[in-house]
Every structure is written in C-alpha cells, then in structure tokens.
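**Student:** What follows is a structure written as structure tokens; I'll ask about it next.
Please treat every number below as a calculation from the coordinates, not as lab data. Being a predicted model, the structure only gives us computed values, none of them experimental. Here Cβ is always computed from backbone atoms with ideal geometry, including for glycine, and neighbour counts include all displayed protein chains.
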Amino acid sequence: MANIKFVSHEEFPEDQYTKELVYLLIDDKYRVAYVRKSAKNGGQFWGVPSVSVTKDGVKTYFECFLQDSSFLEKDIKRFLDERSWEKKGAYKPAAVSGDEEIPF
C-alpha cells in the first residue's frame with residue numbers, strides 16, 4: 001500500500017458539480033488534488049481534477065494526475081472513502097507558503 005497522508009480538505013456546497021477538494025501527500029513526495037464530483041443522477045465519486053480544451057472543434061478533457069498502477073488508484077480512493085482525517089477529530093489544514101512554486 002502506498003504511503004498516503006492527508007494535507008487539507010475544503011467543501012463547496014454551492015457548486016453544482018464539485019463538492020469537495022482534498023490534497024493528499026503520496027510517498028512523502030507528491031502533493032495531489034482529488035475532487036469529489038456530483039453526477040447528474042445525484043451520485044458522487046472521487047477523481048482527479050481535469051483540464052478541458054477545445055481540439056478540432058470538440059471539447060476534450062485531460063486528467064491532471066495519472067497513476068501507472070491501478071493499485072495506487074484503489075489505495076487513494078479507499079483512503080478518501082474512509083475519510084480518516086474526519087474520524088480523528090477536527091483536521092488542521094496544512095500551511096501553504098506563498099513562496100511555493102505552482103506548476104500552472
């Protein structure tokens with residue numbers, strides 16, 4: 001199982017499609033965002049954020065994080081579904097420095 005740690009959590013109750021955002025630290029190296037989306041039928045699911053572009057007249061979506069292992073994806077989604085950061089009591093958002101480089 002991958003080493004997955006909770007970094008921060010935010011909710012968006014008024015957004016129609018994205019309900020939550022969680023940052024995870026994977027293997028003490030990679031900070032990755034996962035979002036909880038709401039489908040048109042009311043179901044909710046965890047996934048990585050995506051970027052949309054129009055290519056050849058068609059809107060196309062690209063995921064912002066791809067893992068090479070289905071085991072890692074299963075571990076991440078299990079971690080998110082268990083919501084262990086909530087079970088331990090109130091979580092403390094990790095401090096994010098304004099000096100950190102953001103790749104976009």
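**Student:** What are the ³J(HN,Hα) couplings of region 59-69, residue after residue, when phi is run through the Karplus curve with 6.51, -1.76, 1.60 and θ = phi - 60°? Round to Hz, x for glycine and proline.
**Tutor:** 6, 10, 10, 10, 5, 8, 9, 10, 9, 7, 10
**Student:** Something else: Once Rh for region 4-87 is found with the Kirkwood sum over Cα pairs, what is the Stokes-Einstein diffusion coefficient at 10 °C and 1.306 mPa s, in µm²/s?
**Tutor:** Diffusion coefficient, whole number: 113 µm²/s.
**Student:** With a 10 Å radius around each residue's Cβ, average the other Cβ atoms per peptide and rank 10-18, 55-63, 25-33, highest first.
**Tutor:** 25-33, 10-18, 55-63
**Student:** Now for a different question. Under 5 Å between amide H atoms, partner at least 5 residues away or on a different chain: which partners does E20 have, H built in plane at 1.01 Å?
**Tutor:** Here F12, R36 satisfy the definition.
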